[in-house]
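*Asks:* Before I ask anything, let me first share the structure, which is written out below as structure tokens.
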Amino acid sequence: MTKSITIGPLRLPNNLILAPMAGLTNLPMRFMARECGAGLCFTEMISVNGLVREGKKTFELLRSAPKDRPLGIQLFGDEPGIMAEGARLVAGYGDLLDINMGCPVRKVVDSGAGSALLREPHKAAAIIRAVRSATSLPLTIKIRTGWKAEEPSFLEIARIAEEEGCDAVTLHPRSRTQMFEGKADWSKIKALKESVKIPVIGSGDIFTARDVVAMLEETGCDGVMIARGGLGNPWIFREALEMMTGREPVPSTPQERLTMALRHLQLFTELSGERVALREMRKHLAWYAKGLPNAAQFRDMINRIEEKEELTHAMGNFFDRRAA
Ligand SMILES: Cc1cc2nc3c(=O)[nH]c(=O)nc-3n(C[C@H](O)[C@H](O)[C@H](O)COP(=O)(O)O)c2cc1C
């Protein structure tokens, strides 16, 4: 079941992918996922308008490192010419480009980007065509099932993507109006797999290694994206790879969680400095602690800590005590 996946000219070592997540899938998180076995990692979605305006903050989102490969860059925008310009600007930064056609957030859809494109097939086609002609990198799109559950457009948009030269398509089978509610309908991933020839990547409700295996089996999809299930849990990649080769996954110990969380903190500090690292790591540490006794108290405590040394000490105390 572990198989490499080929997206255009890009051959990935395996078919497990860290999903794009705004505000989260930065360099430290991608390193953690790669160390646990992710075959491909994505940046968060990057505004092409920000890129063409040479916004410093936007370019920050492209920060990477030689070991951070293969890297997928996800772009969003609503205007074909600007999307193409964005694609040219990021050419040297990654190994694959993805167009976001699934983001449900109001600010994004109000600008005509993200999942708003799911109800505008002509515009979606024009965007894909423009980007396709602006880059030689492998090109993919990431979509939801449609704007509304009653108006599914994913098969049409995927067909367009294939015709316009996309190399793969990722489906998160919820509609825009659903946001994150209800269950992701994996039968739609199966339907998509049966309707296109390019690789199909499934996304949605992958919280355990068992979910990865189940999605591959139930839908026949070529690859699986891990999103919320990877938060504070990069082992999900390792566990899924173990399961896919027929082995029973070994769950992470509190000691291992501590080692990983400390490494995450260190990587964040190197990337962004102590102040930002401390603030940003609060949410990650809450995820690393999830499910362990007194995790809520730990979360409250670290939210008040302003010094790295104090934080490291509190982490040691918390995880070591649970290891004992
Ligand atoms: C906090 C957060 C940020 C996200 N940001 C993006 C994004 O930038 N681009 C994107 O295509 N999807 C984004 N997603 C959607 C995920 O990539 C994924 O498709 C979705 O969470 C479903 O997978 P899951 O149920 O396994 O989490 C985001 C999801 C979350 C929870």
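*Asks:* For labels at Arg279 and Glu181 in the simple 7 Å Cα→Cβ model, what's the distance in nm?
*Replies:* Taking the simple label geometry, Arg279 and Glu181 are separated by 3.3 nm.
*Asks:* Here's something else I'd like to know. Accessible area per residue for the chain in Å², computed with a 1.4 Å probe and the full protein assembly in place, what is it?
*Replies:* For the chain, the per-residue accessible area is 44 Å².
*Asks:* While we're looking at this one, here's another question. Using alpha carbons only, how many degrees (0 to 90, rounded to 10) separate the axis of helix 154-163 from the longest principal axis of the chain?
*Replies:* Around 70 degrees separate the two axes.
*Asks:* Amide H neighbours of Gly146 under 5 Å, at least 5 residues apart or on other chains, H built in the peptide plane: list them.
*Replies:* Excluding prolines and chain starts, which carry no amide H, the hits are Ser153, Arg176.
*Asks:* Got a number for carbon plus sulfur as a percent of the chain's accessible area, 1.4 Å probe?
*Replies:* Here carbon and sulfur together make up 52 percent of the probe-accessible area.
*Asks:* Through the Karplus equation 6.51 cos²θ - 1.76 cosθ + 1.60, θ set to phi - 60°, convert the phi angles of the range 259-265 into ³J(HN,Hα) values in whole Hz; use x for Gly and Pro.
*Replies:* Rounded to whole hertz, the list is 4, 5, 5, 5, 5, 4, 4.
*Asks:* Still on this model: Place +1 on the Cβ of every Lys and Arg and -1 on the Cβ of every Asp and Glu in the chain, take the dipole about the Cα centre, and give the residue among Val224, Gly165, Val52 whose Cα lies farthest towards its positive end.
*Replies:* Selected residue: Val52.
*Asks:* Determine the sum of side-chain charges near Trp147: Lys and Arg each +1, Asp and Glu each -1, restricted to other residues whose C-beta is under 10 angstrom from that of Trp147.
*Replies:* Overall, the nearby charge balance is +1.
*Asks:* Grab the DSSP H runs of the chain that are 4 residues or longer, score each as -39,500 (n - 2.57), total them, divide by all residues and round the 222 nm result to the nearest 500 deg cm²/dmol.
*Replies:* About -13500 deg cm²/dmol.
*Asks:* I've got another one for you. What is the sum of charges, Lys and Arg at +1 and Asp and Glu at -1, for the other residues whose Cβ falls under 10 Å from the Cβ of Ala289?
*Replies:* Residues near Ala289 contribute +4 overall.
*Asks:* Continuing with this model, one more query. Using only the alpha-carbon atoms, how far is helix 308-323 inclined from the longest principal axis of the chain? Give it as 0 to 90 degrees, nearest 10.
*Replies:* 80 degrees
*Asks:* Please give the helix 235-244 orientation as an angle from the longest Cα principal axis of the chain, in degrees from 0 to 90, rounded to the nearest 10.
*Replies:* Computed tilt is about 70 degrees.
*Asks:* Separate question: Report the antiparallel proportion of the DSSP beta bridges in the range 5-244 as a percent, rounded to a multiple of 5.
*Replies:* 10 percent
*Asks:* Quick one: order Arg275, Arg30 from most to least accessible surface, probe 1.4 Å.
*Replies:* Arg275, Arg30
*Asks:* Quick check on the chain: take the gyration tensor over C-alpha atoms, sort the square-rooted eigenvalues as a ≥ b ≥ c, and tell me if it's rounded (a/c under 1.5), prolate or oblate.
*Replies:* Note, shape of the chain comes out prolate.
*Asks:* Right, here's the next one. A 26 angstrom limit on the alpha carbon distance is what I want to check against. Which of Lys67/Lys107; Lys142/Lys197; Lys57/Lys188; Lys190/Lys283; Lys3/Lys290 exceed it?
*Replies:* Lys67/Lys107; Lys57/Lys188; Lys190/Lys283; Lys3/Lys290
*Asks:* In sequence order, what are the phi-derived ³J(HN,Hα) couplings for the range 60-72 according to the Karplus relation 6.51 cos²θ - 1.76 cosθ + 1.60 with θ = phi - 60°, rounded to whole Hz, with x for glycine and proline?
*Replies:* Rounded to whole hertz, the list is 4, 5, 8, 4, 9, 7, x, 7, 8, 9, x, 10, x.
*Asks:* Under the rule of at least 5 residues apart or a separate chain, name every residue whose amide H is placed under 5 Å from the amide H of Ile5.
*Replies:* Leu12, Asn14
*Asks:* Relative contact order for the range 5-244: what is it in percent, counting Cα pairs under 8 Å that are at least 6 residues apart?
*Replies:* Result for the range 5-244 is 18 percent.
*Asks:* Figure the gain on full extension for Thr312 and Arg119 (residue separation times 0.36 nm, minus the Cα-Cα span) and round it to one decimal in nm.
*Replies:* Working it through step by step, the gained length comes to 64.6 nm.
*Asks:* Sticking with this structure for a sec: Non-local amide H neighbours of Ser47 (under 5 Å, H modeled in plane, Pro and chain starts lacking H): which ones?
*Replies:* Phe76
*Asks:* In whole Hz, what ³J(HN,Hα) sequence does the range 293-301 give by Karplus (6.51, -1.76, 1.60; θ = phi - 60°), x for Gly and Pro?
*Replies:* Whole-Hz 3J(HN,Hα) from phi for the range 293-301: x, 6, 4, 5, 5, 4, 4, 4, 5.
The values are calculated or read from the model by the stated rules, or taken from the named source; none is laboratory data. Note that the coordinates shown come from a computational prediction; the quantities given were computed from them, not determined experimentally. Cβ atoms come from the backbone with ideal geometry, glycine included; neighbour counts cover every protein chain shown. These accessible areas exclude ligands, DNA and RNA; they are computed on the full protein's heavy atoms, side chains included. Shrake-Rupley method; radii C 1.70, N 1.55, O 1.52, S 1.80 Å.
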